[in-house]
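**Student:** Got a structure for you, questions after.
The values are calculated or read from the model by the stated rules, or taken from the named source; none is laboratory data. As the structure is a prediction and not an experimental result, all values here were calculated from the model. A quick note on method: Cβ atoms are made from the backbone with ideal geometry, for glycine too, and the neighbour counts reach across all protein chains shown.
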Amino acid sequence: MELQDVILGFMDWKQLTGYELKSFFSELDFLPWAGNNNQIYTALLKLEREGLVEKETVPQEKLPPQKRYRATGRGKERLKCAVLQPAEAISVRNDFLLHLAWSDGLSTEEIERLVDGYQKTIEVELAMCREKMRRGGPVRGRSRREEYVWSMILQNREALLRAELNWLIRLRNGLANK
């Protein structure tokens with residue numbers, strides 16, 4: 001899916017500000033975009049120009065007016081078309097694998113430190129994922145089915161992180177024998 005389609009998904013869910021969108025992007029680690037202000041606001045402007053979202057300006061006392069966006073009927077149609085497109089296979093881009101690929105020139109201790117550091121990163125990610133699961137995740141579904149789907153998304157992330165830790169054990173064992 002494209003960034004604009006993901007934004008339409010959030011806008012279909014409820015009316016949001018750009019700041020609220022950025023919060024979702026920072027909490028959902030399975031999104032392939034950082035969700036920086038430039039990405040989000042550029043996409044919002046394009047979606048608004050194309051009539052896929054509508055903006056409501058809400059006055060605020062002692063603050064600048066708040067711009068809230070919601071998907072239009074055309075936006076919901078585009079979202080539906082995007083959701084129905086075939087999904088790409090799992091992405092396996094992994095910076096650690098690049099470090100590991102060219103680690104042969106490192107000492108055994110340096111490789112161990114490299115693996116230790118990555119393992120700690122994965123353990124922190126797993127702990128954060130489990131905390132999100134405990135709290136019910138960043139998104140509240142509109143229906144029981146949507147709640148279930150978002151729960152399963154978090155479970156998918158947890159399973160991938162656990163699998164990565166198991167793979168690291170196999171990597172360590174294999175390296176010890178080389």
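**Student:** When the range 38-52 is examined, which residues are found to be surrounded by 16 or more Cβ atoms within 10 Å (Cβ to Cβ) and either touching a Phe, Trp or Tyr at 6+ places or on another chain (Cβ under 6 Å) or in a helix (DSSP H, G or I) (or both)?
**Tutor:** Across the range 38-52, the qualifying residues are Q39, I40, A43, L44, L47, E48.
**Student:** Scan the range 13-29 for residues that are part of a helix (DSSP H, G or I), within 14 Å of the chain's Cα centre (by Cα) and charged (D, E, K, R) and jot them down. Let's see the steps before the verdict.
**Tutor:** At the first step, the residues of the range 13-29 found to be part of a helix (DSSP H, G or I) are 13, 18-27.
Going one step further and asking which of them are within 14 Å of the chain's Cα centre (by Cα), we end up with 21-27.
If the condition is that a residue be part of a helix (DSSP H, G or I), within 14 Å of the chain's Cα centre (by Cα) and charged (D, E, K, R), then K22, E27 are the ones that fit.
**Student:** Right, here's the next one. Out of all the residues in the range 35-55, which are of a type in the set (D, E, K, R) and closer than 16 Å to F10 by Cα?
**Tutor:** Result: K46, E48, E54, K55.
**Student:** Just a yes or no: is a residue in the range 30-37 surrounded by 13 or more Cβ atoms within 10 Å (Cβ to Cβ) and farther than 27 Å from A159 by Cα?
**Tutor:** No, the range 30-37 contains no residue that is surrounded by 13 or more Cβ atoms within 10 Å (Cβ to Cβ) and farther than 27 Å from A159 by Cα.
**Student:** Just give me the residues in the range 55-69 being in contact with a strand residue (DSSP E or B) (Cβ under 6 Å, 6 or more places away or on another chain) and of a type in the set (D, E, K, R), in sequence order.
**Tutor:** Residues satisfying the conditions are K55, E56, K67, R68.
**Student:** Also: Are there any pairs, at least 6 apart or on different chains, whose C-beta atoms fall under 8 Å, with the first in the range 38-50 and on the phi < 0 side of the Ramachandran plot and the second of a type in the set (V, I, T), and if so, which?
**Tutor:** Close Cβ pairs satisfying both conditions: I40/I7; A43/I7; L44/I7; L44/V53; L47/I7; L47/V53.
**Student:** Within the range 73-80, identify whether any single residue is more than 16 Å from the chain's Cα centre (by Cα), farther than 22 Å from M152 by Cβ and at pLDDT below 90, and answer yes or no.
**Tutor:** Within the range 73-80, none of the residues are more than 16 Å from the chain's Cα centre (by Cα), farther than 22 Å from M152 by Cβ and at pLDDT below 90.
**Student:** Also, I was wondering about something else. Report yes if some residue within the range 129-136 is of a type in the set (D, E) and loosely packed, with under 14 Cβ neighbours inside 10 Å; otherwise report no.
**Tutor:** Yes, because at least one residue in the range 129-136 is of a type in the set (D, E) and loosely packed, with under 14 Cβ neighbours inside 10 Å.
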